[in-house]
Amino acid sequence: MIKLITAVIAVLNLFLVGCASTDSAPDSASTALAETDDSSFSLSVGAFLTDRNSKARVDSTNGDRGSEVDLEDDLGLDNSDTVVRVDGFWRFAEKHRIDFSVFDLSRFASTPLAMYIDWKDTTFPVNANVDADFDLAIYKIAYTWLFLKEERGFLGATAGLYIADIGARLSATSDGSFEVSTATAPLPVIGFRGEYDGALAYLKFDF
């Protein structure tokens, strides 16, 4: 089974960094695709930079412990890249709405190994050329109650789920051996969401 703890912490950390912004104008990295006159529905696309340091381990089917692998140092995956994100909401009553987000943190690299790796039921030897394909898609859906709502902004309490859809594939280019592992991790979320559009600044946060 893929060890998810480190990955989950990293995803939540980068999500918090990517979601809070204070600018003199609305976030220039996001573009609204659809919005009604009374703001009952909105859909936007944006992007943010990630900074990741993640590890993973996949044990064998008979319970033997697999190798602890640093995905960036050992497999050559990028620490930082630009991630596209889709956000939206549907306000179905004056102080009640459904929020959703989708973003994909998948990465790919090909590198010769400096160490042997036991991954599930396959051992990849030193100097083997390995293709590493790690898929990580995050879906969020949450209900938000706007307990403070004014003309220029709002403050609300939110509760919902993150769903992390994870897939990992290691394959040796020399002999064609490969291993594939997948997991789905639903993560409960409770927090606050707010927005203020003033004359001097625009503030939006989600945590």
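For this structure, a couple of remarks:
- Applying 0.36 nm per residue to the separation of THR111 and TYR143 and subtracting their alpha-carbon distance, the gain on full extension is 7.2 nm.
- Paramagnetic reach from ASP131 (point 7 Å along Cα→Cβ, amide N under 19 Å) across the range 76-92: 76-78
- PHE41/THR182 FRET efficiency (R0 45 Å; Cβ-Cβ; nearest 0.05): 0.85
- Taking 7 Å steps out from each Cα toward its Cβ at ASP165 and ASP78 produces label points 2.2 nm apart.
- By the count of other C-beta atoms within 10 Å, a proxy for reagent exposure, THR182, THR111 are ordered fewest to most as THR182, THR111.
- Couplings 3J(HN,Hα) for the range 67-74, derived from phi with the Karplus relation 6.51 cos²θ - 1.76 cosθ + 1.60 (θ = phi - 60°), are 6, 7, 10, 7, 5, 7, 6, 8 Hz, where x marks Gly and Pro.
- The residues packed around THR184, meaning those with a beta-carbon under 13 Å from its beta-carbon, carry a net charge of -2 if Lys and Arg are +1 and Asp and Glu are -1.
- Nitroxide proxy distance, nm - points 7 Å out along Cα→Cβ at TYR196 and THR61: 5.8 nm
- With R₀ set to 35 Å, the beta-carbon distance separating SER174 from ALA93 gives a calculated FRET efficiency near 0.05.
Computed from the coordinates by the stated procedures, all read-outs in this text should not be read as laboratory data. A quick note: this is a predicted structure, and the numbers were derived from the prediction, not measured. All Cβ positions, glycine included, derive from the backbone under ideal geometry; neighbour counts span all protein chains shown.
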